[in-house]
């Protein structure tokens, strides 16, 4: 693991912890956003470790595709449902019409986002430690 990839992973873990704290306080849309950021930064840590400049993309599916195109076998990531977490990147931050994200996301959403992000971060950490 390089210093730079380690920094990406540390930030992913920090975002994940912030997401947990935020969810516990009832700020579910913000927790979903932070969980998505944690997953994104973890995947970008893998890209950096592989010597790949991360694309300017928030799409978790796209990041996994880039990793796979580079020959990394990440079966656990392919099995995850990443699209909902990717969609939360913007849906949790900006009002849709006259509805605020704070009114649209609840504990079920943040629980799902956290579980997915934790899995991505754990798979990444294991891959980087190998």
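Please give the contour-minus-distance gain from residue 98 to residue 53: 0.36 nm per residue of separation, less the Cα-Cα distance, rounded to one decimal in nm.
Gain on stretching residue 98 to residue 53: 12.4 nm.
Go ahead and estimate [θ] at 222 nm for the chain from helices alone: -39,500 (n - 2.57) per DSSP H run with n ≥ 4, summed, over the residue count, rounded to 500.
Working: 7 runs with 95 residues, N = 130.
After summing the helix terms and dividing by residue count, I get -23500 deg cm²/dmol.
Here the gap between residue 122 and residue 68, fully extended at 0.36 nm per residue and compared with their Cα-Cα distance, gives a gain of 17.7 nm. With the alpha-carbon atoms of the range 49-94 aligned to their principal axes, the span from lowest to highest coordinate is 35, 24, 14 Å, starting with the largest. Across all directions, the shadow cast by the convex hull of the range 50-124 built on its C-alpha atoms averages 5.7 square nanometres.
Among 52, 123, sorting on how many other beta-carbon atoms sit within 10 Å of each Cβ, with the fewest leading, yields 52, 123. Kirkwood hydrodynamic radius computed over the chain comes to 14.6 Å, based on all pairs of distinct alpha carbons.
Read the figures in this text as sums done on the coordinates, not as results from a lab. Values in this document were obtained by computation on a predicted structure and should not be read as measured data. With ideal geometry, Cβ positions are generated from the backbone for all residues, glycine too; neighbour counts draw on all protein chains shown.
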